[in-house]
Amino acid sequence: MKKIVAVVLSAVLAIGALNLTACSAGQGGEIVIGNVQDLSGPTSVLGKAVTNGAQLAVEKINNNGGINGKKIKMITYDTKGDVKEAINAYNRLSGQDKAVVVAGPPVSNIGLALAPIANQKKVPIVGSFIDPRVTVKEDGTAQPYMFLMQPSSDQYSQILASYTLNKLGKKKIAMFYDQSNAFAVSLVKPFVDYVKKNGGQIVLETTYIAGDKDYKTQLSKIKESGAEVLYAPNYTQDNVLTVKQAKQVGLDLPIVGGLDYAAPFASMVNDPVAADNIYFANNYSDTEPQLKEVYDAYKAKYNEDPINKAYLGYDKILIIAEAIKNSGKIDGPSIQSQLEKIKDLKCTTGVITISPKTHAPIGLSMVMYKVEKGQYKDMGRYVPAEQK
């Protein structure tokens, strides 16, 4: 009799555990979404903005009744900018926390490390890591559980290269980038290929590695290279050091680079002479009307202006919510199949359609900005002829 009771009790406990798991995964009253961001490391300015934007979207969705009547619970873990921390966070979310989908960071190194794990765990990640290798395998097929919600580095680099050659009229280009960073490296080859194909010249390519703080030797070489423009697609804190040290060595060239020159870059430099004559492509224009609601809500909640990554965080949740809404079951594989079908979804950074072949957006244009004496100037939307 004791054995029978024990077996029955074990069965009851097992059923209870299954019900609890189903509930945590979204079959009950809430849907668990993970959020993996750098909140205290070298890219924490970006990670905090992504998290804040995502939280705003979660609150709005919940205030409007949730997704198909279920509220979202977002669980956030700090990667500290470290790949191992990110892997541990994702494993905890997909295992212990029973998250059904994860909002990923704007960090390609971490995206590359998470891709094979996500494919195994079958809990999709929607991120803003722009290295194409994060979402596309070597054989050209999509990484099943990895999704990008902004232009890839290939698309982005072509925009920057075309603008440099055709709008700035600069043909002789020097390059300076972090060779240990997947994000920076992913923005190099497509830029170089476009420049060489369209009559430009790379007069000097010089690099550094993460942790380096003195760039004056490389910047002095750039000064003597005969370059007309500097291409430096690096992280925000490195960009701050670059422009300050460029001023110290007397290097006075226009700089073209990535989204990390967006706010708060200029305020971090805190020098209008150093933060000047810099060009980058942004996902949106500050004057576009669809931003106002998010801007006002962000300002009211956090008492600061939202930066680019805040809107990206907001849009990640909109994309995730749309996929969950259309899923027959609230689990990773079902959500993954719906993420591949996202089409003409109106977000703050544009109208997003996800390609099932690349798991990246198609047809997204970018807005060129110039940092002029510490101020951001909208130069209008720009699309190379090749992308039209």
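The values are calculated or read from the model by the stated rules, or taken from the named source; none is laboratory data. All figures in this text were calculated on a predicted structure; none of them were measured in a lab. Don't worry about glycine lacking a Cβ; one is built from the backbone with ideal geometry, like all the others, and counts go over all protein chains shown.
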**OP:** Could you check Ser285 against (1) touching a residue at least 60 places away in the same chain (Cβ under 8 Å); (2) in a loop (DSSP other than H, G, I, E, B); (3) surrounded by 21 or more Cβ atoms within 10 Å (Cβ to Cβ); (4) of a type in the set (S, T, N, Q) and say which number it fails?
**Re:** (3)
Original post:
Which of the residues that make up the stretch 242-254 are of a type outside the set (Gly, Ala, Ser) and either surrounded by fewer than 21 Cβ atoms within 10 Å (Cβ to Cβ) or not in a helix (DSSP H, G or I) (or both)?
Top reply: Lys244, Gln245, Lys247, Gln248, Val249, Leu251, Asp252, Leu253, Pro254
Original post:
Going through the stretch 168-209 one residue at a time, which ones are part of a loop (DSSP other than H, G, I, E, B), under 26 Å from the mean Cα position of the chain (by Cα) and surrounded by fewer than 16 Cβ atoms within 10 Å (Cβ to Cβ)?
Top reply: Gln179, Ser180, Ile209
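Yes/no per residue for (1) in a helix (DSSP H, G or I); (2) among the β-branched types (Val, Ile, Thr):
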| site | (1), (2) |
| --- | --- |
| Gly211 | no, no |
| Ala227 | no, no |
| Val273 | no, yes |
| Phe280 | no, no |
| Gly313 | yes, no |
Original post:
Does Ala275 meet the test of being modelled with pLDDT under 95, assigned by TED's automatic domain parsing to the domain that holds Ser225, touching a strand residue (DSSP E or B) at 6+ places or on another chain (Cβ under 7 Å) and not β-branched (Val, Ile, Thr)?
Top reply: no
Subject >> Where Leu364 falls short, out of the listed (1) part of a loop (DSSP other than H, G, I, E, B); (2) more than 30 Å from Ala275 (Cα to Cα) >> reply: (2)
**OP:** Have a look at Gly258, Gly328 and point out the one that is of a type in the set (Gly, Ala, Ser) and assigned by TED's automatic domain parsing to the domain that holds Lys122.
**Re:** Gly328
Original post:
Does at least one position in the stretch 132-148 carry a residue that is of a type in the set (D, E, K, R), surrounded by fewer than 19 Cβ atoms within 10 Å (Cβ to Cβ), closer than 30 Å to Val32 by Cα and without any contact (Cβ under 8 Å) to a residue 12 or more places away in the chain?
Top reply: yes
Subject >> Subset of the stretch 216-239 [more than 15 Å from Ala274 (Cβ to Cβ) and of a type in the set (Val, Ile, Thr)] >> reply: Thr217, Ile222, Val229
